[in-house]
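Worksheet for the structure shown next.
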Amino acid sequence: MFRRLQADAPSATIFFGDQAIPCQAGDSVAAALLAAGIERFRSTPVSGADRMPYCMIGNCFDCLVEIDGQADRQACLVPVVDGMRVRPQEGTGRFDTP
Ligand code: FES
């Protein structure tokens, strides 16, 4: 559904579950995941319906994911960092304790 307009060599890799996602420095997490074909970012707490990014500017909260064990991260506002671990957020999410 989404594709990059300019396909430069990947400069970073993030992980969505066990899937390695090559991405560019400066990508948001949402942009990197969408460019990799990932369209399910979270489920809603009440009905469990699937959600994916909608606004890409931090207003809709449909892009919430867990990043490096922290829930409620807006994927459209977080820049990728090499080695970052991302998971879909199920319902209200969970917090890993180190
Ligand atoms: S896509 Fe709307 S807040 Fe991230």
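The values are calculated or read from the model by the stated rules, or taken from the named source; none is laboratory data. Quick caveat, the model's predicted, so the values are computed rather than measured. With ideal geometry, Cβ positions are generated from the backbone for all residues, glycine too; neighbour counts draw on all protein chains shown. These accessible areas exclude ligands, DNA and RNA; they are computed on the full protein's heavy atoms, side chains included. Shrake-Rupley method; radii C 1.70, N 1.55, O 1.52, S 1.80 Å.
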Q: Grab the other residues whose beta carbon is less than 10 angstrom from that of Thr44, score K and R as +1, D and E as -1, and report the net.
A: -1
Q.
At 1.4 Å probe size, what's the solvent-accessible area of Leu77? Round to the nearest 10 Å².
A. 100
Q: Arrange the peptides 82-90, 50-58 so that the one whose residues have, on average, the most other Cβ atoms within 10 Å appears first.
A: 82-90, 50-58
Q) Based on DSSP, what percent of beta bridges with both residues in the chain are antiparallel, to the nearest 5? A) 80
Q. From the backbone phi of the range 58-73, what are the Karplus-calculated ³J(HN,Hα) couplings (6.51 cos²θ - 1.76 cosθ + 1.60, θ = phi - 60°) in whole Hz, Gly and Pro given as x?
A. x, 9, 8, 6, 7, 9, 4, 9, 9, 10, 6, x, 10, 7, 6, 8
